[in-house]
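Have a look at the structure below, then the notes.
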Amino acid sequence: MAGSEQKTVLQFAPSSSSTLSAKVHPLVIFNICDCYVRRPDQAERVIGTLLGSVLPDGTVDIRNSYAVPHNESSEQVALDIDYHHNLLLSHQKVNPKEVIVGWYSTGLGVTGGSALIHDFYSREVANPIHLTVDTGFRNGEGTIKAYVSVNLSLGDRPLAAQFQEVPLDLRMVEAERVGFDILKTTMVDKIPSDLEGMEVSMQRLLALIDDVYKYVDDVVEGRTAPDNDIGRFISDTVASLPKLSPPAFDKLVNDNVQDHLLLLYLSSITRTQLSLAEKLNTAAQIL
């Protein structure tokens, strides 16, 4: 274990001149939330290590994470360093390209103990990223932010740790976005089915198409200045669509939906058969 006393922490909003940025995969967010749900009863937050790589353009790509046990009080914080190093070795045996890029904690923003933990990870990797995930939904949703730290000092005397927010990009495919949107809400009645998730995706797609229609009409009517990059992107998108007649497109969609419903039916039959076999096996053992 390692621990120290806390020191002053300063938190700043993102700067437009910042050249460093981060990109986080949804697996990391899901993993952090899962660790928070499974945390010990006496723990108020979860702390862990971020794994990934630095892209050629300097963007920090965060692809994986794991929690690190810690003890925290109002005066000091201690991490289980041996556990951290052993788990890091295990992860690198599976994927040696993933290295330490920073650390995470649950909660809104940085705290006094964040500077001490950041000092430890600064010895593990240069300029680590500090990722915060608000699992308490204090702003009505799970706020996710990324920071870098710079030590402020007067001569040889350290004064405070300055945490500067950096741009954070959360990229995901549509299937991951459906789950993430549900994760951000404070309460849901049930997890949506695949068909319900498809319906939400189609509604979002129609809304985006309406936005494109409105933009094109505004450009044609002269209400909006044309943008060549946007025009080329729209042209490439339209050109990539297959040329299908409406009846052929409807048949393709209906065939895919029927295949999906058939898979759901077969999986339901399999679950029923397994449950029945388990009950018959239990009854036979009793007799």
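The values are calculated or read from the model by the stated rules, or taken from the named source; none is laboratory data. Note that the structure is a prediction, hence the values are computed from the model and not measured. Don't worry about glycine lacking a Cβ; one is built from the backbone with ideal geometry, like all the others, and counts go over all protein chains shown. Please note that ligands, DNA and RNA were not included when accessible areas were found on the heavy atoms of the full protein model with its side chains. Shrake-Rupley method; radii C 1.70, N 1.55, O 1.52, S 1.80 Å.
Does Val216 fit the bill of being over 24 Å from Ile62 (Cα atoms), of a type outside the set (Phe, Trp, Tyr), open to solvent by 50 Å² or more (accessible area, probe 1.4 Å) and modelled with pLDDT under 85?
On the way: over 24 Å from Ile62 (Cα atoms): yes; of a type outside the set (Phe, Trp, Tyr): yes; open to solvent by 50 Å² or more (accessible area, probe 1.4 Å): yes; modelled with pLDDT under 85: no.
No, not satisfied.
Counting only strands (runs of 3 or more DSSP E) that sit completely within segment 20-111, those holding 1 or more residues that are over 16 Å from His130 (Cα atoms) correspond to 70-72, 76-79. Among the residues of segment 111-135, those that are more than 18 Å from the chain's Cα centre (by Cα) and within 17 Å of Val24 (Cβ to Cβ) comprise Tyr121, Val125, Asn127. Here Thr224 clears all of (1) out of contact with any helix residue (DSSP H, G or I) (no Cβ under 6 Å at 6 or more places or on another chain); (2) surrounded by 10 or more Cβ atoms within 10 Å (Cβ to Cβ) except the condition numbered (1).
For segment 60-88, a residue qualifies if it is touching a helix residue (DSSP H, G or I) at 6+ places or on another chain (Cβ under 9 Å) and among the β-branched types (Val, Ile, Thr), and the qualifying residues are Ile62, Val68, Val77, Ile81.
It is to be established whether one or more residues within segment 246-269 are over 22 Å from Met198 (Cα atoms), under 34 Å from the mean Cα position of the chain (by Cα) and part of a helix (DSSP H, G or I).
Here is the first cut: in segment 246-269, the residues over 22 Å from Met198 (Cα atoms) are 269.
Cutting the leftovers down to under 34 Å from the mean Cα position of the chain (by Cα) gives us none.
Scanning segment 246-269 turns up no residue that is over 22 Å from Met198 (Cα atoms), under 34 Å from the mean Cα position of the chain (by Cα) and part of a helix (DSSP H, G or I).
Mind listing just one residue for me: the one in segment 136-170 that is within 12 Å of the chain's Cα centre (by Cα) and either modelled with pLDDT of 75 or more or part of a helix (DSSP H, G or I) (or both) and, of those, surrounded by the most Cβ atoms within 10 Å (Cβ to Cβ)? Break it down stepwise before answering.
Residues of segment 136-170 within 12 Å of the chain's Cα centre (by Cα): 142-146, 168-170.
Then drop every residue that is not either modelled with pLDDT of 75 or more or part of a helix (DSSP H, G or I) (or both), which leaves 143-146, 168-170.
Numbers: Thr143: 17, Ile144: 17, Lys145: 20, Ala146: 25, Leu168: 19, Asp169: 11, Leu170: 16.
Step by step, filter segment 136-170, then rank; the result is Ala146.
Considering each residue of segment 214-231 in turn, at least one proves to be in contact with a Pro (Cβ under 6 Å, 6 or more places away or on another chain) and part of a helix (DSSP H, G or I).
Total residues in segment 114-135 satisfying the condition of being among the hydrophobic types (A, V, I, L, M, F, W, C), outside any helix (DSSP H, G or I), touching a strand residue (DSSP E or B) at 6+ places or on another chain (Cβ under 9 Å) and over 14 Å from Val46 (Cβ atoms): the figure is 2. Against the criterion of being surrounded by 11 or more Cβ atoms within 10 Å (Cβ to Cβ) and either charged (D, E, K, R) or in contact (Cβ under 8 Å) with a residue 60 or more places away in the chain (or both), Lys243 does not qualify.
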